[in-house]
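Take a look at the structure set out below.
The values are calculated or read from the model by the stated rules, or taken from the named source; none is laboratory data. Remember, it's a predicted structure, so these values are computed and weren't measured experimentally. So basically every Cβ, Gly included, is an ideal-geometry build from the backbone, and we count neighbours across all protein chains shown. Surface accessibility is based on the protein's heavy atoms, side chains included, excluding ligands, DNA and RNA. Shrake-Rupley method; radii C 1.70, N 1.55, O 1.52, S 1.80 Å.
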Number of protein chains: 4
Amino acid sequence: VGGVFIRARELGLYLGALPTGKFNAITDVPGVTVGHVSLIQGHGKLIPGQGPVRTGVTAILPHSGNLYTQKCPAAVFPYNGFGKSIGMMYVEELGICENPILITNTLSIAAALEGGIDWVLKHNPGVGISERTPNIMVFECDDGYLNDIRGRHLKQRDVWQAIATATGGHVPEGNVGAGVGMSTFAYKAGAGTSSRIVKNSLGTWTLGVFMVCNFGEREDLTIKGVPFGRMFPEKEAPLIGNSNITIIATDAPLTCPELKQLAKRPELGLSRVGGISRWGSGDIDMAFSNYPWTHPNAKSQITDSAKFLNPLIEAVVDASEEACLNALFQAETMVGVDNHVREKIPVKQIIAHLRNANRLSPFV
Amino acid sequence: VGGVFIRARELGLYLGALPTGKFNAITDVPGVTVGHVSLIQGHGKLIPGQGPVRTGVTAILPHSGNLYTQKCPAAVFPYNGFGKSIGMMYVEELGICENPILITNTLSIAAALEGGIDWVLKHNPGVGISERTPNIMVFECDDGYLNDIRGRHLKQRDVWQAIATATGGHVPEGNVGAGVGMSTFAYKAGAGTSSRIVKNSLGTWTLGVFMVCNFGEREDLTIKGVPFGRMFPEKEAPLIGNSNITIIATDAPLTCPELKQLAKRPELGLSRVGGISRWGSGDIDMAFSNYPWTHPNAKSQITDSAKFLNPLIEAVVDASEEACLNALFQAETMVGVDNHVREKIPVKQIIAHLRNANRLSPFV
Amino acid sequence: VGGVFIRARELGLYLGALPTGKFNAITDVPGVTVGHVSLIQGHGKLIPGQGPVRTGVTAILPHSGNLYTQKCPAAVFPYNGFGKSIGMMYVEELGICENPILITNTLSIAAALEGGIDWVLKHNPGVGISERTPNIMVFECDDGYLNDIRGRHLKQRDVWQAIATATGGHVPEGNVGAGVGMSTFAYKAGAGTSSRIVKNSLGTWTLGVFMVCNFGEREDLTIKGVPFGRMFPEKEAPLIGNSNITIIATDAPLTCPELKQLAKRPELGLSRVGGISRWGSGDIDMAFSNYPWTHPNAKSQITDSAKFLNPLIEAVVDASEEACLNALFQAETMVGVDNHVREKIPVKQIIAHLRNANRLSPFV
Amino acid sequence: VGGVFIRARELGLYLGALPTGKFNAITDVPGVTVGHVSLIQGHGKLIPGQGPVRTGVTAILPHSGNLYTQKCPAAVFPYNGFGKSIGMMYVEELGICENPILITNTLSIAAALEGGIDWVLKHNPGVGISERTPNIMVFECDDGYLNDIRGRHLKQRDVWQAIATATGGHVPEGNVGAGVGMSTFAYKAGAGTSSRIVKNSLGTWTLGVFMVCNFGEREDLTIKGVPFGRMFPEKEAPLIGNSNITIIATDAPLTCPELKQLAKRPELGLSRVGGISRWGSGDIDMAFSNYPWTHPNAKSQITDSAKFLNPLIEAVVDASEEACLNALFQAETMVGVDNHVREKIPVKQIIAHLRNANRLSPFV
């Protein structure tokens, strides 16, 4: 316990009753890939523009085809709209995701946006000439406690690299990609992911969640109902910046209103680890389906949505809780600007406490 | 344990760190009153139109003055819009609550609406002649598992009585008012309330929550992180109807966007007892402030909202969790139509389990 | 000129370039039917509760099957949410219309709602027992200047009759149904309808608009750019109450986001007759498609929406303008409560002026 | 007629009955300033990345103080959300504008965003260290018919210059700033502005509109009800790209819901010149008030909003129509990429036609 590859489930924490996919990751949804670029450089005193640098970018690609021409139905939900994420309005209006989804720090959104535009232009020579301009989604969290966020160290080439290196299979978690400098409950957190396999009235589907975890005050932290945050009070007070991003992918055939149902649920999972979506945290959610659009039974679905949607809703809540715990457990202690420290969550004590309380089997 | 007046807190369940008001009820907010009318009649086989009757209506009055002329700033949030509540659009557009807030069953909304209109007309003789028409808010949940809901037994006089008898102080919970026929996690539930005292950058304020609890499947039930729902599986399957209504009152001086922040948070409290806001449940939230409008320090508030709003957000989440548990613990087993039974939640076992697990002190 | 059956187009007013359907009415959309019940009784002094009565109800049925089991995709848009219409939230969340659409006066919404619920219960014996409860849409405008609106003279039987007598073909306009007591620009107005035939990338479709016109001050009235309102100033000032309802029907296969596009456009047509959507007017729009759900080419539609949607958008704007003018031209002078008079719009002078100005051919 | 400084009003076109401010510009609102940077370079064949360049940026500053610390109440309304504008979510959630408002072309939004962030960081050294990160609003239209939009020629220094040179008084219109490459009804258009002086129940106020006009097909164009678009059909068909941005400023003391009322109305003005808000056009509106927050009579305002808001609503509609006509009349013919031509609107013929039709006095 304490190493790099310990995830919540390996620690005995079972969240919900549904089975996970093979990698317990968003990439379990066939076709979805994830790419991280991590920027970690320098130590000590903050010199804005120079460092230290503790940030990165994560790219999520809904499928391996041309995203701009093979658009996916999608929905967004700004549960807590105190954020500067880009591209929500278009998705709200049209219900379409048409590009790589990018996540980075709050002040690097312009670089990520430029990189995303650049990437689409490169792969679609008609855009802006004979075709319409693209909508790029850039989500953000504030990593300014550890990172020289004013320095805006992320460059377009980093965005390109994140997109170009996106792969399926195992997804690195913790201090990687957009998660490098992020914190949750004043512990080090970052990237986290989880998935569920769902059977409903139309078939068997995969749903995956990817999260950049960056919210909450220490006192909020709760796991399996145990208020660990109050057991381990934070020594140093000053918290600036948060925001939490959740991306939901599925291969289930869903309409926009149905995807919006899913996009509304991640905060219910975060609530189970103590999140109250504090003021000042842009807790933003997005969901897309890469099913090839219209299911032959789509009409029957409308009168059967309880059986159809509820298992997917359950999957979103459970996978969101687990992705957050994965982000916490997979992250390592980090020292950032001005020697600010975000400690690793005390895994051993927490697991010991939960084991003593008999909370580590699936049914407790 | 097992009687009528046992509330969560008396059982040793402490939710959150903030103190409650005197009555631990929405009526702790000065000026707010609550009135219940309960309709319970008949037994045995369902004969639509005749009974058995297991329903009621609850009225909440924001202050004791003329509500139509002394309007309150307000906000609504349909977290899960699968519901038939009335009057949301106007509040969303104008940010004003101007009448008694009514809650009843889904098919009695017309009677409640008519009663509410009638009441306003009576007290405002110029309405519809020289003054504009009123917006009545009627919220609803489906009590059809126990109640002859098709019979629409609620009458206008019941609505009047609920409004006319609304009082401050102690608020009955469980099988009363709109809560008479409601269930949660396939246990008997109904009305629940709780309050918190909050200190923030502008002063000391009271925030109260009133809830009609009617959601969830048995397997969802979780208290203090313990999955009781899976310990006590439901014997009979068929669940039709749910929806959950949460009304938030405060005397803190809040603008519409700020009240909307509060209206977005009750489901985070419900998530802590296992709620996932299933498809088909209209989980609707409303918040109002009866502070006499503009606080002299309103301008400073805008740059200080973290200190100002976060304690109120915390209060909403904690009080929502507690109101739901109060609804469950205060409700009694009820037999309804076709001898459908909603059992009382097994308080003794649950408390015993929590005590054994050392979860009954404020800090665990 | 001046009689009952003169419509804008017969007067030489051509709105837009698209052809109309056979009846130039919402009923040109195959399957759509409209039923009016008009309540006109008494004269002279207003005695609230007794009269005079100048009101009614209109029912629109999307198709002739069981609306509750064969739901239609739908969207609502509260352009100006100062209104008390019922049932919007559910449509916004689920994108479904599942019942007759009802329109009446602001204080009779409870009666209309009760009638609508009653009708659905009658035709669906499982509702509230083994099936979920229905969402009824009731739209409203304020006819209190002419009608004893406080008297709430509309009864459930009137609602039933409107539904039961709904037919296709010719749709009565002006002082009928929900339009009986309504006014626009301080002239008598009421019900109006119009339709367009549209060819787009997927085929040929019909789009129809039905409107209850009840908005604006005299000074706003403009036809073909001529500010008639300022030419014919209103003698008596007091205007209380307005709100304008627009229902859009089409047989084109549209998703919810696409229907919302349509629901956003009627006010653009109303603007052309001078409407500025004044504060206090609930200008509410709804659109539904009765196409049997998923078109085989739905996937291609997503990349071709300009060609697909723009003709339908044009149809909405033009038909909305024409429906409003039809409501004005088809209405007759009415004397209501306290001998309040709403004069018929001076058709002869307007047409003469437009003819002199050479504005009566299709291309000017 | 035909020169650079002819505005609609100088041509005899009076829109509405309210008086204008001194400059008939958004800068009539005390404190509001506007800065344009225009980029025009090269001729002939489009070589993406090289040119020809026909674009620019416009900055609008709500007041002359530190915008980040002295935030303004604000509202946004995406009437037609097919656009890539940035920063809407935060304003929707918090109701605050806190930075210069920027407008540019669709593919230069990243540069504008970076420039905006840079400007705020420079003037607020604590941002990202001890203070929260800023929300930058960047609005966009597509100028790709004339401009090498793929070349993204706008640089951060251009954004800085637009902000730094923003001034009150006369506001250049037509082919300037963000308006350089924009077209409306397939005529050259661009920047336009107008203002109104409004008296309401609380005092006398100024309301100004600034617009980047870039929408519509030729056939839509209508002025004073005359369908000029059909008189002057477009020779060449291909139109790619549009979107229309409207910024509303006022010194009236308005709450967020009231500002949203204003933000909803510009399209009613655009409808009067023939706009139907076609699919693919991001028609986005924003309104802010720079009144020093809470008016002493704010409480009375709530029961008097008709008298208070209606004159402001009228001002928005009339000023939006006039700003659009100013954009059209002030623009000059422009030759852009691949020798694409956007002709100047034929002012002489239009004015002659309107004069013959007796439509050039204020009351016709």
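Placing unit charges on C-beta atoms (Lys and Arg positive, Asp and Glu negative, everything else neutral), compute the dipole magnitude of the protein assembly as shown about its Cα centre in debye, rounded to 20.
Taking the Cα centre of the protein assembly as shown as origin, the dipole is about 0 debye.
Given a 1.4 angstrom probe, I'd like the percentage of the accessible area of the protein assembly as shown that is carbon and sulfur, rounded to a whole number.
55
Among rounded, prolate and oblate, which fits region B:1-142 when a ≥ b ≥ c are the square roots of the eigenvalues of its C-alpha gyration tensor, a/c under 1.5 means rounded, and a/b larger than b/c means prolate?
oblate
Which shape class, rounded, prolate or oblate, goes with chain A when its Cα gyration tensor gives a ≥ b ≥ c as root eigenvalues, a/c under 1.5 marks rounded, and past that a/b bigger than b/c marks prolate?
oblate
How would region B:30-83 be classified by its alpha-carbon gyration tensor: rounded, prolate or oblate, with rounded meaning a/c under 1.5 and the a/b versus b/c comparison settling the rest?
oblate
With a 1.4 Å probe and every protein chain left in place, tell me how much accessible area C:F23 has, in Å² to the nearest 10.
For C:F23, solvent-accessible area is about 80 Å².
At a threshold of 8 angstrom on Cα-Cα distance, excluding pairs fewer than six apart, so keeping six or more, what relative contact order does chain A reach in percent?
26 percent.
Select from chain A the helices, each a whole stretch of DSSP H, whose alpha-carbon atoms run 24 Å or more along the helix axis and whose Kyte-Doolittle mean is at least -1.0; answer none if there are none.
What comes out of the filter, once short or polar helices are dropped, is A:305-330.
Taking the Cβ of C:T58 as the centre, find all other residues whose Cβ is under 14 Å away and add up their charges (Lys, Arg: +1; Asp, Glu: -1).
-4
Count, for each residue of B:264-270, the Cβ atoms from other chains sitting within 10 Å of its Cβ, then give me the mean as a whole number.
Counting Cβ atoms of other protein chains within 10 Å of each residue's Cβ and averaging gives 5.
Can you tell me the alpha carbon radius of gyration of region D:69-126 divided by the globular rule-of-thumb value 2.2 N^0.38 Å?
Rounded to two decimals, the normalised Rg is 1.20.
What is the interface area between chains B and C, defined as buried accessible area summed over both chains with a 1.4 Å probe, reported in Å² to the nearest 100?
Approximately 4000 Å² gets buried when B meets C.
Give, rounded to the nearest 20 debye, the magnitude of the charge dipole that region D:172-263 has about its Cα centre when Lys and Arg contribute +1 at Cβ and Asp and Glu contribute -1 at Cβ.
Dipole of region D:172-263, to the nearest 20 debye: 200 debye.
What order do C:S305, A:S38, C:S130 take when sorted by accessible area (1.4 Å probe), most exposed first?
Largest accessible area first, the list is C:S130, A:S38, C:S305.
Please name which of D:G126, D:P253, D:T69 has its Cα lying farthest along the dipole of chain D towards the positive end, using unit charges on Cβ (Lys, Arg +1; Asp, Glu -1) and the Cα centre as origin.
D:P253
Can you give the local net charge around A:V159? Use residues other than it whose beta-carbon is closer than 9 angstrom to its beta-carbon, Lys and Arg +1, Asp and Glu -1.
Local net charge: -1.
Say the dipole of chain B comes from +1 at the beta carbon of Lys and Arg and -1 at that of Asp and Glu; which of B:G174, B:I60, B:A352 then lies farthest toward its positive end?
B:A352
Among DSSP beta bridges whose residues both lie in region B:120-234, state the antiparallel percentage, nearest 5.
Restricted to region B:120-234, the bridges split so that about 95 percent are antiparallel.
Nearest 0.05, what FRET efficiency do C:K45 and C:T204 give at R0 = 56 Å with Cβ-Cβ as r?
That gives a FRET efficiency of 0.55.
Give me a single rounded figure for C:317-325: the average over its residues of other chain Cβ atoms within 10 Å of their Cβ.
1
How large, in Å, is region B:70-168 by the Kirkwood hydrodynamic radius built from its alpha-carbon pairs?
Result for region B:70-168 stands at 14.4 Å.
Give the ranking of D:T206, C:T20 by solvent-accessible surface, highest area first, calculated with a 1.4 Å probe.
From most accessible down to least: C:T20, D:T206.
How high is the relative contact order of region B:1-131, given as a whole-number percent (alpha carbon pairs under 8 Å, six or more residues apart)?
19
Using alpha-carbon pairs under 8 Å, 6+ residues apart, how would you state the relative contact order of region A:152-221 in percent?
Answer for region A:152-221 is 27 percent.
Work through the residues other than D:V120 whose Cβ is under 14 Å from its Cβ and net out their charges, Lys, Arg +1 and Asp, Glu -1.
+2
To the nearest 0.05, what FRET efficiency results for B:D304 and A:L360 with a Förster distance of 41 Å applied to their C-beta separation?
0.45
To the nearest 10 Å², what's C:R230's accessible area with a 1.4 Å probe?
80
Could you compute how much accessible surface C:K307 exposes when probed at 1.4 Å, giving the result in Å² to the nearest 10?
About 140 Å², ignoring ligands and nucleic acids.
From other protein chains only, count the Cβ atoms within 10 Å of every residue's Cβ in D:111-123, then give the mean.
Counting Cβ atoms of other protein chains within 10 Å of each residue's Cβ and averaging gives 3.
Can you give the Rg to Rh ratio for the protein assembly as shown, taking only C-alpha atoms and Rh from Kirkwood?
Here Rg/Rh amounts to 0.95.
Measuring from label point to label point, each 7 Å out along Cα→Cβ, what is the C:T165 to D:I197 span in nm?
Here the modelled spin labels are 5.6 nm apart.
When the dipole is taken about the Cα centre of chain A, and only Lys, Arg (+1) and Asp, Glu (-1) are charged at their Cβ, what size is it in debye, to the nearest 20?
560
Given H placed 1.01 Å from N in the peptide plane, which residues other than close sequence neighbours of B:C97 have an amide H under 5 Å from its amide H?
The list, which skips near neighbours in sequence, is B:C72, B:A74.
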